[in-house]
Amino acid sequence: MLAAGLSGFQLSLGLILAIGAQNAFVLRQGLKREHVLISVLFCALSDAILISAGVAGFAMASAAAPWLGEVLRWGGVAFLTAYALRAAWAAIRGGEALQPRAAGTAAVLRVVLTLAAITWLNPHVYLDTVVLIGSVAAQYPGREAAFGAGAVLASFTFFFSLGYGARLLAPVFARPAAWRVLDGIVALIMAGIAIRLSLF
């Protein structure tokens with residue numbers, strides 16, 4: 001059971017470490033110290049739901065409805081393209097700096113809706129959590145639950161570390177130029193993911 005759980009932890013952590021829409025958004029919230037707990041909990045709980053679905057065999061059900069993949073793919077392309085353009089405009093415009101006193105000014109609903117779109121409209125999330133983790137978990141007959149628990153633990157560990165560890169970078173992001181660089185990187189990442197999805 002321990003070996004299965006450790007394997008699940010390692011696989012999940014390896015998949016999550018790649019910088020993506022979720023990670024970039026959580027990093028930004030952590031740097032600004034705005035709704036960090038809600039952000040990390042939303043991402044980790046979403047992963048937990050998707051991982052559980054994959055371990056329970058949802059991958060087979062999604063294979064029976066191939067149209068679902070196309071809907072998710074083009075919905076993800078549209079959202080990620082819009083997100084990339086928004087980040088690019090923020091990088092060009094500039095003028096933002098980290099101001100701890102302004103923390104909490106962003107509407108909670110807006111943060112949750114953005115996270116929901118980034119998470120649930122991203123086909124890569126389904127491929128990683130549902131299909132890949134679900135298929136690997138099947139290789140541990142009788143220990144699938146332990147494998148899934150390890151994968152979920154990795155998600156919680158990563159997002160809480162990212163969200164609350166981001167404050168260590170606060171001195172760097174006190175400078176407006178650092179935000180422009182971050183927004184530029186985020187724009188490139190989002191555009192890259194959207195292009196890959198459109199060619200998938």
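The values are calculated or read from the model by the stated rules, or taken from the named source; none is laboratory data. Since we're looking at a predicted model, the values are computed, not measured. Protein only, heavy atoms only, side chains kept; ligands, DNA and RNA dropped before computing areas. Shrake-Rupley method; radii C 1.70, N 1.55, O 1.52, S 1.80 Å.
Subtract the Cα-Cα distance of R175 and W89 from 0.36 nm times their separation in residues, and report this length gain in nm to one decimal.
29.2 nm
Sorted by accessible area with a 1.4 angstrom probe, largest first, how do S52, S198, S155 fall?
Largest accessible area first, the list is S52, S198, S155.
With the alpha-carbon atoms as the only input, what is the per residue convex hull volume for segment 138-200 in Å³?
Hull volume over Cα atoms, normalised by residue count, gives 98 Å³.
Under the rule of at least 5 residues apart or a separate chain, name every residue whose amide H is placed under 5 Å from the amide H of H35.
Correct list: G104.
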